[in-house]
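One structure is given here, and the rest of the page talks about it.
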Amino acid sequence: MNLEELKNIMHTLLQKGEKIACIIATMGTTDSFGIDNLEYIVKLRDELVKQYNLPYKPHIHADAVIGWAFAFFNNYDFENNPMDFTARTLDSLWDTQDKLMQIGLSDSIGLDFHKTGYCPYISSLFLCRDSADFNLIIREGESMPYLFRYGHYHPGIFTMETSRSGGAVLAALANLKLLGKDGYRSILGHIVTMVGILRSRIERVPYACMVNDYNHGPVTLFRIYPDGVDAKTAYLEESTTPELAGQLTAHNEYNRKLHAVLLRQMERGFGVALSLTERYRMTSYGKPILAIKSYIMSPFVDVAVMEKLLNCIEEARKEVE
């Protein structure tokens, strides 16, 4: 989030007398694991409440559905590094947890156990700091006259779906109890280590360019270029120079074709699963930048898989060219 833009927009709305219901901070985006500065957002909200003498506080929600698990490193001993992570992994984990340390400042948090919690798909959690906020969405007993009026089990208060299985919730609880802090630290640390290895390989080849090199999550976004093109120079020029819009489009199409070959490799059983984002971000002149995406989540991925991925890309380049 552009924090200066957020500040300007909030001032503009409040000066008009409009109300701000909620600010949603993202604590780990899907494509590039971007993390908002939650501490700044909370301080800005509080300052504006005082400045404009607001009779309410805009709610701040932390969308941490992916990033939440990295909060397991909030009290990790980075100095002594008891789990013996590599220097590169340690730097990445530190930078990530440094941004996630303030997640408790939010009014509510969204977590998905089915992502970085390794649980079934429907396992999620919405957590409020203040029960009064959560009570705003409950239903009174009068609106559900025949649903669980006795005892201590009242699912109808919170949801229309009273017959949903509790298996996913129990799976989340089971994983948290089984793995604990060190278990999740081990898995996530391994994943970040593998990401570092992949990135180091991409950095060494002239035909590849990493486009999200400033973040430290499980996602690596990169672009591949044809023979004879210096990838890093080409990417920098075509993402900032309007006159090179045609070149950008051609290289977008090249990566689209390359990904199609990689997908066929995977479907035949000898490739590596990679996805594609059609608009990682926009150029300075408003054109979409396409990127191939590696999202490492399996704890069974090892160095051999990373080498295999680069070999698959080499083969795909030959076929596309």
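The values are calculated or read from the model by the stated rules, or taken from the named source; none is laboratory data. Computed from a prediction, not measured in an experiment: that's the story for all the values here. Every residue, glycine as well, gets a Cβ built from its backbone with ideal geometry; the counts of neighbours run over all protein chains shown. Keep in mind that these areas ignore ligands, DNA and RNA; they rest on the heavy atoms of the full protein, side chains included. Shrake-Rupley method; radii C 1.70, N 1.55, O 1.52, S 1.80 Å.
Tabulated values for the structure
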quantity	calculated
Percent carbon-and-sulfur accessible area, region 255-321, ignoring ligands, DNA and RNA, probe 1.4 Å	53 percent
Net charge over other residues, Cβ less than 14 angstrom from the Cβ of Thr29 (K, R count +1; D, E count -1)	+1
Taking the convex hull of Cα positions in region 71-128, its mean projected area over all directions (nm²)	4.8 nm²
The chain: relative contact order as a whole-number percent, Cα under 8 Å and 6+ apart	14 percent
Computed accessible area, Met194, all protein chains, 1.4 angstrom probe, square angstrom	10 Å²
Accessible surface of region 1-118, 1.4 Å probe, proportion on carbon and sulfur as whole %	50 percent
Separation of the Glu47 and Thr30 label points, Cα + 7 Å toward Cβ, nm	3.3 nm
Rg ratio (alpha-carbon, reference 2.2 N^0.38 Å) - region 153-299	1.41
Sorted largest first, extent of region 260-308 alpha carbons per principal axis (Å)	40, 23, 15
Shape metrics for region 34-115, restricted to C-alpha atoms - Rg then Dmax, Å	15.7, 51
Pairs of Cα atoms farther than 16 Å apart, region 190-239, %	38 percent
Centroid-to-centroid separation of region 245-321 and region 1-32 [C-alpha atoms, Å]	33 Å
Share of alpha-carbon pairs per 10 Å distance bin for region 1-152, given as whole %	9, 30, 30, 19, 10, 2, 0
Portion, in percent, of the accessible area of region 168-245 that falls on carbon or sulfur, probe 1.4 Å	63 percent
Scattering curve values for the chain, log₁₀ I(q)/I(0), Debye with Cα scatterers, q = 0.15 Å⁻¹	-1.28
Inverse of mean 1/r across different Cα pairs in region 216-321, Kirkwood, Å	14.6 Å
Mean Cβ neighbour count within 10 Å, used as a protection proxy, ranking 49-57, 289-297, 248-256 highest first	289-297, 248-256, 49-57
Hull shadow area, averaged, region 22-78 [alpha-carbon convex hull, nm²]	5.0 nm²
Per residue value of the accessible surface for the chain (all protein chains in place, 1.4 Å probe), Å²	54 Å²
